[in-house]
Amino acid sequence: MADDVLFEFLHMEIMSYVYKEPRMRDDPDTERVTGLSILEGMGFRVGQGLTDRFTKDYPTFKDELDIMKFLCKDFWSSIFRKQIDNLRTNHQGTYVLQDNTFALLTQISSGKQHLEEAPKYLAFPCGLLRGALSSLGLESLVSAEVALMPSSKFQVVIQKT
Amino acid sequence: MALVGSWLYNICLAVVCVVPTQNELKFHYTVHTSLDVVEEKVSAVGKALPDQRELYLGLLYPTEDYKVYGYVTNSKVKFVIVVDSSNTSLRDNEIRSMFRKLHSSFTDVMCNPFYNPGDTIQSKSFDSIVSAMMVQSS
């Protein structure tokens, strides 16, 4: 089915549109930061809507770990057709989700060449995670890093209020 | 019936009444007091019953005139249905199916990119589904 490809193309177009805005060409730093926050904001809203749709038939979540497992398995596989490969936690609100073949990065050649561009591709998924957590009742900070293409790590820190 | 949203603060997203001439304020009052019962049930579920983690909360409490039913989604949005006590034909299963329909039309509203979570719901299809349900039950 052509479904996965459709989203990847759309995502690429969204990214090039966001970075083509004239106001951003003046200052390369603001360009990078504003672009990332726009993409993250989009991901946030989409994440909220998606969680509502996916958790419709689920029983209530027991605790944080249950929510994170749901995100790693069902949520991630519904969007990217695979589960998160590795979930680590320090049991104090910090979780690291590792995806060894991240769907949005597989089309870019592996190797050091495009490592700087990789974070742009990770802004939308960071927003997705943050939006999903927010709609399930957890305020969080999500950041991502790429050490080796196409493997990426998402760090989620739950804010305790 | 009423929808109350969100985990940080309780905002009323929608209240729909069957008979517009009846006192809407009374329904608002009933809904607000039932929220306390909902909170109590939600916090009790986590400790007492790890198996039964259903979304449907059941009959919250019967007053002399009305019966109040509650339902909580995973995104902490609460649905409250207030039914006339004289209407004894509504059974548990029917109330459950009403909540399922409400939940799915609410999910559709959430997925609408022009809807910001926390706003009052202004979707026509949502309103028509809710009105159809109420007409059918009364």
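The values are calculated or read from the model by the stated rules, or taken from the named source; none is laboratory data. What you see is a predicted model, and the numbers here were worked out from it, not measured in a lab. Ideal geometry is used to build each Cβ from the backbone, glycine not excepted, and the neighbour counts take in all protein chains shown.
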Handout entry: Criterion violated by A:Leu50 - all others in (1) modelled with pLDDT of 80 or more; (2) over 15 Å from the mean Cα position of the chain (by Cα); (3) within 26 Å of A:Thr106 (Cβ to Cβ) satisfied
Key = (2)
Practice task
Tell me, please, whether a residue that is surrounded by 14 or more Cβ atoms within 10 Å (Cβ to Cβ) and under 20 Å from B:Val68 (Cα atoms) can be found in the range B:107-127.
Solution key: no
Exercise for the section: Sort out which residues of the range A:83-113 are exposed (fewer than 12 other Cβ atoms within 10 Å of the Cβ) and under 12 Å from the mean Cα position of the chain (by Cα), and write them in order of number. Expected result: none
Fill in the blank from the handout: Pairing a residue in the range A:46-66 that is more than 7 Å from chain B (Cβ to nearest Cβ) with any residue that is hydrophobic (A, V, I, L, M, F, W, C) and buried (at least 21 other Cβ atoms within 10 Å of the Cβ), where Cβ atoms lie under 6 Å and the two sit 6 or more apart in sequence or on different chains, gives A:Gly47/A:Leu128; A:Gly47/A:Ala132
Exercise for the section: Would you please name the residue that is nearest to A:Ala132 (Cα to Cα), looking only at residues in the range B:87-131 that are of a type in the set (D, E, K, R) and within 14 Å of another protein chain (Cβ to nearest Cβ)? Expected result: B:Asp108
Handout entry: Criterion violated by A:Lys73 - all others in (1) part of a loop (DSSP other than H, G, I, E, B); (2) away from chain B (no Cβ under 12 Å); (3) under 30 Å from B:Lys78 (Cα atoms) satisfied
Key = (1)
Practice task
Would you be able to say whether some residue in the range B:35-44 is modelled with pLDDT under 70, in contact with a strand residue (DSSP E or B) (Cβ under 8 Å, 6 or more places away or on another chain) and under 18 Å from B:Val130 (Cβ atoms)?
Solution key: no
Exercise for the section: Look at the range B:108-126 and say how many of its residues are over 14 Å from the mean Cα position of the chain (by Cα) and assigned to a helix (DSSP H, G or I). Expected result: 6
Problem - Any hit, the range A:152-160, residues being small (Gly, Ala, Ser) and either closer than 17 Å to A:Val46 by Cβ or at pLDDT below 85 (or both) - result: no
